[in-house]
Amino acid sequence: MNIIYLFLLQAQATEEDTLIGMLQEESSMSFFEILSQGGILMIPLFLLSLLAIYVIAERWRTLDNSRMDINHTLNSIETLLKSGSQKRAIQYCEEFDKPLARILIAGIRRLGRPIRDIEDAIQKAGKKEIFQLEKRMNWLATIAGVAPLIGFTGTVTGMIRAFMDIQSLQGNVNPSVLAGGIWEALITTATGLIVGIIAYGFYNYLLGKINRMIFELENASGDFVDLLQAPSPKKKHEV
């Protein structure tokens, strides 16, 4: 009995050593080696992730650079226009390469015409600025939808590969034979979901910033039109 007990202990120790060796071998794999197990579909996922990073950084920078102190700008324009300096008002706006400044320029250049013409000019300029603010956002939305689909495609191709291996070996397989297909299925799925989730999250965040900026531009445009329609103060005549 003692001999059998010692044999079982030795077998268990050998099995544990083998398991530890396998875990150490897996943990020694680098991050890029793990990603390489995902197969050829990792290439489009990698390209989509780079494109998502570019769009996020570019839109974030554009939105931050588009902000202006609306109240200060309108007050400065009002002061210049009341002094009769239409040209100086335009020059003041041209110093700022920002959406609000370009919208105000379109309105100032039509001073002296009917107010309807000024409003139309402001609306046309506003539509152009809104288009520029929303530029490339459709790319981010597409990445958010396509990346998970590519990941799920990797799941299918990985499973196909695993079953092809089973068929080629006529069912006489062990887990190590199926590892390649399972690696491909899991890694592409995880990568696709991660890229899609990040792209979708930043899409909604940036879209919220764009909508807030559009709201501020619309309000500022309305305030500018009200400023033009406000009656000028009458000078008191000395008796």
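The values are calculated or read from the model by the stated rules, or taken from the named source; none is laboratory data. Fair warning: this is a prediction, and the values are worked out from it, not measured in the lab. Backbone-built Cβ (ideal geometry, glycine too); neighbour counts: all protein chains shown.
Descriptive notes on the structure:
- Qualifying residue in the range 51-61 (condition: of a type outside the set (Lys, Arg), modelled with pLDDT under 80, in a helix (DSSP H, G or I) and over 22 Å from Phe215 (Cβ atoms)): no
- Among residues of the range 52-67 being in contact (Cβ under 8 Å) with a residue 12 or more places away in the chain and surrounded by fewer than 18 Cβ atoms within 10 Å (Cβ to Cβ), the one that is nearest to Arg136 (Cα to Cα) is Glu58.
- Given (1) among the polar types (S, T, N, Q); (2) closer than 24 Å to His72 by Cα; (3) buried (at least 16 other Cβ atoms within 10 Å of the Cβ), index of the condition Gln123 fails: (3)
- Residue in the range 142-197 that is surrounded by the fewest Cβ atoms within 10 Å (Cβ to Cβ), counting only those that are over 20 Å from Ile53 (Cα atoms), modelled with pLDDT of 65 or more and among the small types (Gly, Ala, Ser): Ser168
- If you filter the range 78-107 down to residues that are modelled with pLDDT of 90 or more and among the β-branched types (Val, Ile, Thr), you find that the one that is nearest to Asp120 (Cα to Cα) is Ile103.
- Residue pairs meeting the criteria (Cβ under 7 Å; at least 6 apart or on separate chains; first within 18 Å of Leu217 (Cβ to Cβ) and among the charged types (D, E, K, R), in the range 73-99; second outside any loop (DSSP other than H, G, I, E, B) and at pLDDT 90 or above): Glu94/Ile105
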